[in-house]
Amino acid sequence: MTVLEFMLLGAVILAAACMQGSIGFGMGMLAAPFIALIDATLLPVLVIMLAMVVTLIVVVMDRASLDLRGAGWALAGRVPGTVVGAGLVAVMSATALSWAVAGVVLLGVVMSLRGWHPRVTRTTQAVAGALSGLMGTTTSVGGTPMAIIWQGSEGPRLRGTMSAFFLVGSSLSLVALFLWGAVPAHALATAAWMAPFAVGGVVLSRFVNRFLNRRRTRAIALGVSALGAVTLIATRLVEMF
């Protein structure tokens, strides 16, 4: 990695961590496409490890607003989704996985924009958790299912609950990838170098959060979800041509 690539990657991680700290997800959506262009072998481990750093900080800062019961049901679904996702990474092409994930994300966003608000129940949270585990482990983009389920939450509740979910979920994904032998050593080293940028992004998010209410948070969450899917599709198209 050249010095220029290092600085560009650091800037992307800073912005992605700021987004994660502001709305509770989005780090993978923003960072993964850029990381893929610099060094695709860093995915998904680099994003997963940095997400663990960011979510741990956010959980501590927004712990008073956590919905532990909701996060618990979502995590119950995340476990099987993570196992399946790790297996898919080992046997399926990245292109096929990306197209499938992008399609599911866009469908959910379109339905939400058309007024669909799924009921927040044990079942829907567990299903969303399973989808998030599968998507997050295969492509680093796993926030959309949870954002759609919890889109009506206030900012601190959304950030805190999603961060708690992703902290545990990312740990599960990392363990699953390690067991499948899909954790390259250079990705761990790069994560260590990028950690200060991730921490800086969380600090920056504290200032951004002052301007967010429920309506703005929902709009940003759905907008970021759609942008992540479109970016994922664009990245694969560029690779094809």
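Here Rg and Dmax of the Cα atoms in Å was computed from the coordinates, and among (i) 27.3, 89; (ii) 16.2, 49; (iii) 16.9, 53 the match is (ii).
Report the longest stretch of the chain that contains none of the trypsin sites (Lys or Arg not before Pro) sitting in a DSSP loop with at most 10 other Cβ atoms within 10 Å.
Values: sites that count: ARG114, ARG119.
Segment 120-241 is the longest.
Working from label points 7 Å from Cα in the Cα-to-Cβ sense, the MET1 to MET111 distance is 3.7 nm.
For segment 141-212, just say rounded, prolate or oblate: build the C-alpha gyration tensor, square-root its eigenvalues into a ≥ b ≥ c, call rounded for a/c under 1.5, and beyond that prolate if a/b exceeds b/c, oblate if not. Walk me through the intermediate numbers first.
On the way: a/c = 3.37, a/b = 1.44, b/c = 2.33.
Here segment 141-212 falls in the oblate category.
Short-range pairs are left out: with C-alpha atoms under 8 Å and at least six residues apart, the relative contact order of the chain is 38 percent.
What is the dipole size for the chain, taken about its Cα centre, with +1 at each Lys and Arg Cβ and -1 at each Asp and Glu Cβ, in debye to the nearest 20? Dipole of the chain, to the nearest 20 debye: 940 debye.
If DNA, RNA and ligands are ignored and the probe is 1.4 Å, what is the ranking of VAL109, VAL120 by accessible area, most exposed first?
On the way: VAL109 5, VAL120 85 Å².
So the residues, ranked largest to smallest area, are VAL120, VAL109.
Helices in the chain that qualify as membrane-span-like (whole DSSP H runs, Cα extent of at least 18 Å along the helix axis, mean Kyte-Doolittle hydropathy of 1.0 or higher) are 3-23, 45-61, 68-91, 94-113, 155-179, 185-208. At full extension, THR123 and THR95 could sit 7.1 nm farther apart than now, given 0.36 nm per residue minus the alpha carbon distance. The accessible area of HIS186, taken with all protein chains in place and a 1.4 Å probe, comes to roughly 80 Å².
The values are calculated or read from the model by the stated rules, or taken from the named source; none is laboratory data. Just so it is clear, the structure is predicted and the values come from calculations on it, not from any experiment. Reconstructed Cβ throughout: ideal geometry from the backbone, glycine too, with neighbour counts over all protein chains shown. In case anyone asks, the SASA skips ligands and DNA or RNA and just uses the protein heavy atoms, side chains included. Shrake-Rupley method; radii C 1.70, N 1.55, O 1.52, S 1.80 Å.
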